[in-house]
Amino acid sequence: MEPGKFVLPGDKITLAEAFYPGPGTYEDNGIVRAAVTGVVEVDLENREVRVKPTVDTPPKLREGVPIIGRVQTVKDQVVLVRIDFAHDRTDREPAASGVGGIHISRVRDAYVEDLADEFQPGDIVRAKVISVKTPIQLSTMGEEYGVILAYCSRCRSELERIKGRKLRCPACGHTETRKVAAGYLREA
Amino acid sequence: MPEEEPERLISEDGLRLDGRKPDEMRPLKIKAGVLKRADGSAYVELGANRIVAAVYGPRELHPRHKQKPDRAVVRFRYNMAPFSVDERKRPGPDRRSIEISKLSKEALEPAIFTEYYPRTAIDIFVEVLQADAGTRCAGITAASVALADAGIEMRDLVAACAAGKVDGHIVLDPMYYEDGYGEADVPLAMMPKEGEITLLQMDGDMTPEEFKKAVKLAKKGCKIVYKEQRRALKRKYGEE
């Protein structure tokens, strides 16, 4: 067991008596082995060994991970978002299947009268994972989360942000509101 | 395959058609990460075999009813190019390639931590560009390196190698003529760390003693394959 040592899946790192198996490792028959290709890291404080991957690993959903998705349905209590990307990675599909829900209480840090004023079907949303147990729970609390691109509910053009949470359609002039994220893509 | 059977497959001084000793493998070359668009990939040359493996995922699995709530589904497709053999092979899956796909999947699945990726699919594609006997073993070898290249968590790599019976001799890694005119073929895949066998087949006739000898020899071959797999991954990911 040496920190910085290059290991492949199955390589023995240490004995389970000496260290806990951390991320990228597994325990088998009292032996801690590597599960991914990478280098050994030793955490003496927690007596844990980990493998820091040198390969590209699948983007897994975990609590706190940012995701990007598209709004499928807006119901009374919940918005369903189809999860397209995790970890802001567009080059590799997330290692998960399906949709996540944003509960009305987790949309923003204020009272929400009507979810239809916050999201509309088709909107592209950045959210944070708060539970990976199905059904996956998402949250848009915080400035950086919310709608990053919305479409006009009359003519489907991309809406431009005028100010705060107000959006306007450049094609038909219709104005709408959303839970707008800090990084909204179209500014008026 | 020559029209006529060669008179003898093993010469008087015990050498094979290509000059190998009975327990000698063909030259093996493995390269990790050869395809840009795949999540993981590998290329294998074993003798005249040329094989590419690509891994995609873990990713969303459609249709939904095929998802497993507690683990990933592994899908494996073994395919031979129409130009991979002397006579044009009719493209598409046939009885043989469907069987090989199934058992290759079952040879790799025990090594993968499928429970870490619930409700997803891990897709493995193996394309045989040129076949020279022992393609299922070379395919599993390539797929295992591709899985590691994709960063999928695994218990161990899976190495595969065949042994055969030719002119009454047990030989390692039969080549095209030996496979075609020999008496038996024993492909074997294993996880070398614990010596766990994940694939074992026999085609042809052998006595129990010969079979034991063949398994022992194939295991020896897997060790050689395993070393080369490690070297390939180390070349790509070892030194910063």
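The values are calculated or read from the model by the stated rules, or taken from the named source; none is laboratory data. Nothing here was measured: the structure is a model prediction, and the numbers come from that model. Heads up, the Cβs are rebuilt from the backbone with ideal geometry, glycines too, and the neighbour counts pull from every protein chain shown. Surface accessibility is based on the protein's heavy atoms, side chains included, excluding ligands, DNA and RNA. Shrake-Rupley method; radii C 1.70, N 1.55, O 1.52, S 1.80 Å.
Structure values in brief
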{"quantity": "Residue in segment A:20-67 that is farthest from the other protein chains (Cβ to nearest Cβ), counting only those that are of a type in the set (Asp, Glu) and not in a loop (DSSP other than H, G, I, E, B)", "calculated": "A:43"}
{"quantity": "Output for segment B:34-45, where each listed residue is crowded, with 24+ Cβ neighbours inside 10 Å and closer than 19 Å to residue B:223 by Cα", "calculated": "B:42, B:44"}
{"quantity": "Some residue of segment B:79-102 being closer than 19 Å to residue B:196 by Cα and among the aromatic types (Phe, Trp, Tyr)", "calculated": "no"}
{"quantity": "Check on residue A:78, in contact with a Phe, Trp or Tyr (Cβ under 6 Å, 6 or more places away or on another chain) and more than 14 Å from every other protein chain (Cβ to nearest Cβ)", "calculated": "no"}
{"quantity": "Selected residue (criterion: nearest to residue B:159 (Cα to Cα)) from residues of segment B:199-227 that are within 14 Å of chain A (Cβ to nearest Cβ) and surrounded by fewer than 20 Cβ atoms within 10 Å (Cβ to Cβ)", "calculated": "B:223"}
{"quantity": "Test result for residue B:31, touching a strand residue (DSSP E or B) at 6+ places or on another chain (Cβ under 7 Å), open to solvent by 40 Å² or more (accessible area, probe 1.4 Å) and part of a helix (DSSP H, G or I)", "calculated": "no"}
{"quantity": "The listed residue being in the same structural domain as residue A:126 (by TED's automatic domain parsing) and on the phi < 0 side of the Ramachandran plot, out of A:12, A:60, A:75", "calculated": "A:75"}
{"quantity": "Check on residue B:143, touching a Leu at 6+ places or on another chain (Cβ under 9 Å), closer than 30 Å to residue B:59 by Cα, within 14 Å of chain A (Cβ to nearest Cβ) and of a type in the set (Gly, Ala, Ser)", "calculated": "yes"}
{"quantity": "Residues of segment B:1-13 that turn out to be touching a residue at least 60 places away in the same chain (Cβ under 8 Å) and either surrounded by 14 or more Cβ atoms within 10 Å (Cβ to Cβ) or under 28 Å from residue B:215 (Cβ atoms) (or both), as a count", "calculated": "6"}
{"quantity": "Any hit, segment A:45-62, residues being closer than 26 Å to residue B:150 by Cβ, exposed (fewer than 15 other Cβ atoms within 10 Å of the Cβ) and at pLDDT below 95", "calculated": "yes"}
{"quantity": "Residue ID - most open to solvent (accessible area, probe 1.4 Å), chosen from residues in segment A:79-92 that are on the phi < 0 side of the Ramachandran plot and acidic (Asp, Glu)", "calculated": "A:91"}
{"quantity": "Of residues in segment A:86-102 being within 12 Å of another protein chain (Cβ to nearest Cβ) and in a strand (DSSP E or B), the one farthest from the chain's Cα centre (by Cα)", "calculated": "A:99"}
{"quantity": "Residues of segment A:145-169 that turn out to be assigned to a loop (DSSP other than H, G, I, E, B) and either surrounded by 14 or more Cβ atoms within 10 Å (Cβ to Cβ) or among the small types (Gly, Ala, Ser) (or both), as a count", "calculated": "9"}
{"quantity": "Segment B:132-148 residues that are more than 13 Å from residue B:99 (Cα to Cα), paired with ones that are open to solvent by 10 Å² or more (accessible area, probe 1.4 Å) and in a helix (DSSP H, G or I) (beta carbon under 6 Å, 6 or more apart)", "calculated": "B:132/B:176; B:133/B:176; B:133/B:179"}
{"quantity": "Of all residues making up segment B:46-70, the number that are in a strand (DSSP E or B) and surrounded by fewer than 19 Cβ atoms within 10 Å (Cβ to Cβ)", "calculated": "1"}
{"quantity": "Qualifying residue in segment A:93-106 (condition: open to solvent by 10 Å² or more (accessible area, probe 1.4 Å) and touching a residue at least 40 places away in the same chain (Cβ under 8 Å))", "calculated": "yes"}
{"quantity": "Leading residue by the ranking (farthest from the other protein chains (Cβ to nearest Cβ)) among those in segment B:114-132 that are among the hydrophobic types (A, V, I, L, M, F, W, C) and open to solvent by less than 10 Å² (accessible area, probe 1.4 Å)", "calculated": "B:128"}
{"quantity": "From A:131, A:153, residue being touching a residue at least 24 places away in the same chain (Cβ under 8 Å) and under 12 Å from the mean Cα position of the chain (by Cα)", "calculated": "A:131"}
